Every structure is written in structure tokens, then in C-alpha cells.
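Undergrad: Here's a structure for you.
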Amino acid sequence: MEHILQIKVTGIDETRPPIVRKEPYIDLNFRLSEEPPADWLDDFRRLTAKMAPAMHFNAKSGGFIETYVRDMAEIPVALETLKAKIAECNALHAERLAELTRTQSARSNKLHDEGGAQGRLNKIIEKLDFD
């Protein structure tokens, strides 16, 4: 089972810093604490799909969320919005893992409570010591 994720923004990509240009936007590349798994990214894409400006994860750059702002004053707002979406994705991921654990536990209890030869086999397997 996967671990509970606590992905967070840890900074700006040092290799692609924000630059003031003549175009009316500033690219932002936020570094993440770890590279998210596929299901987390699916949630992130779904949660940010209709946002403007768009936020997306670039797998090629590894562990960065890319977005842009039109004005320097919007950078703190973009960061706070990103942090909120990341926290939401972390919570969804944690709930998904908790549900998986509950399902596996229910399945294990069902096998344990089974009678007859299968029930005896399940109890023997459960008591095996792998240390």
C-alpha cells in the first residue's frame, strides 16, 4: 500500500526562475516536495481543469507545477491557490488509501470468519510467523 502523501510546494524551480518579459505574463514553476503518483495527478488535473490561469504538472520536468500570472502582484495569490489545491489532493489521496484499507480489512475479516476447511486454512495462514 502506498504511503500517505504530504506533498507541498517547496520553492521555485531554480533552473527556470520567473522572468519579467515584454509579454503580459510571468511563468511560474513551483517545485514540489516529491513527485506525485498517477492517481494524485488525476485528482489535481480534475480539480484545476477549469482554473484560469491553468496549473499543470509537467512530467518531463519532474516534480514541478507550472502556471503563470499576468502581474507580479498575483504571484502570492497563485501560490496560495496552488497550496490549497495540493492540500485538497493530499486529502483525497489519504481518503482513497483509508477506503482501500477498510476494504482489505473487511475482506480479511470475511475470510477469517469463513467456516469449514477454508476457515481452518485461513486461521493457519493468519498465525504464520514470518520473522
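Undergrad: What Kirkwood hydrodynamic radius do you get for the chain when you take the inverse of the mean 1/r over all pairs of distinct Cα atoms, in Å?
TA: 17.7 Å
Undergrad: I've got another one for you. Work out how much length Thr81 to Lys127 would gain on full extension: take 0.36 nm times their residue separation and subtract the Cα-Cα distance, in nm to one decimal. Don't skip to the end; give the middle numbers.
TA: Numbers: separation 46, 0.36 × 46 = 16.56 nm, distance 4.93 nm.
So the extension gain works out to 11.6 nm.
Undergrad: Here's a follow-up. Of the peptides 89-98, 48-57, how do they stack up when ordered by the mean number of other Cβ atoms within 10 Å, highest first?
TA: Highest mean packing first, the order is 89-98, 48-57.
Undergrad: Figure the gain on full extension for Glu74 and Arg120 (residue separation times 0.36 nm, minus the Cα-Cα span) and round it to one decimal in nm.
TA: Working: separation 46, 0.36 × 46 = 16.56 nm, distance 6.45 nm.
Using 0.36 nm per residue and subtracting the Cα-Cα distance, I get 10.1 nm.
Undergrad: Based on DSSP H runs of at least 4 residues, each adding -39500 (n - 2.57), what is the mean residue ellipticity at 222 nm of the chain after dividing by all its residues, to the nearest 500 deg cm²/dmol?
TA: The helix contribution divided over the chain gives -16500 deg cm²/dmol.
Undergrad: Could you tell me which of rounded, prolate or oblate describes segment 1-62, using a ≥ b ≥ c as the square roots of the eigenvalues of the alpha-carbon gyration tensor, with rounded for a/c under 1.5 and, failing that, prolate when a/b is larger than b/c and oblate otherwise?
TA: It is oblate, given that a/c is not under 1.5 and a/b is not larger than b/c.
Undergrad: Next up: Expressed as a rounded percentage, what relative contact order does the chain have, with Cα pairs under 8 Å and six or more residues apart? Kindly include the intermediate steps, with their values, before the conclusion.
TA: On the way: 137 pairs, mean separation 32.9, N = 131.
Reported relative contact order: 25 percent.
Undergrad: Name the residue farthest towards the positive end of the dipole of the chain from the options Ile125, His56, Val20, assuming +1 on Cβ of Lys and Arg, -1 on Cβ of Asp and Glu, about the Cα centre.
TA: The listed residue farthest towards the positive side: His56.
Undergrad: Let me ask another. Kindly write out, for segment 21-26 in residue order, the coupling ³J(HN,Hα) from the Karplus curve 6.51 cos²θ - 1.76 cosθ + 1.60 (θ = phi - 60°), rounded to whole Hz, with x marking Gly and Pro.
TA: Karplus values, whole Hz, x for Gly and Pro: 10, 6, 5, x, 7, 10.
Undergrad: Here is a follow-up. Hey, can you grab everything whose amide H is under 5 Å from the amide H of Ile12? Only 5+ residues off in sequence or another chain; H modelled, so Pro and N-termini drop out.
TA: So Ile12 has HN proximity to Arg31.
Undergrad: When the dipole is taken about the Cα centre of the chain, and only Lys, Arg (+1) and Asp, Glu (-1) are charged at their Cβ, what size is it in debye, to the nearest 20? Display every interim value, and only then the final one.
TA: On the way: 19 positive and 22 negative charges, 52 e Å.
Dipole size: approximately 240 debye.
All of the numbers you see were taken from the coordinates with simple rules; none came from a lab. Everything quoted here is computed from the prediction, not taken from an experiment. With ideal geometry, Cβ positions are generated from the backbone for all residues, glycine too; neighbour counts draw on all protein chains shown.
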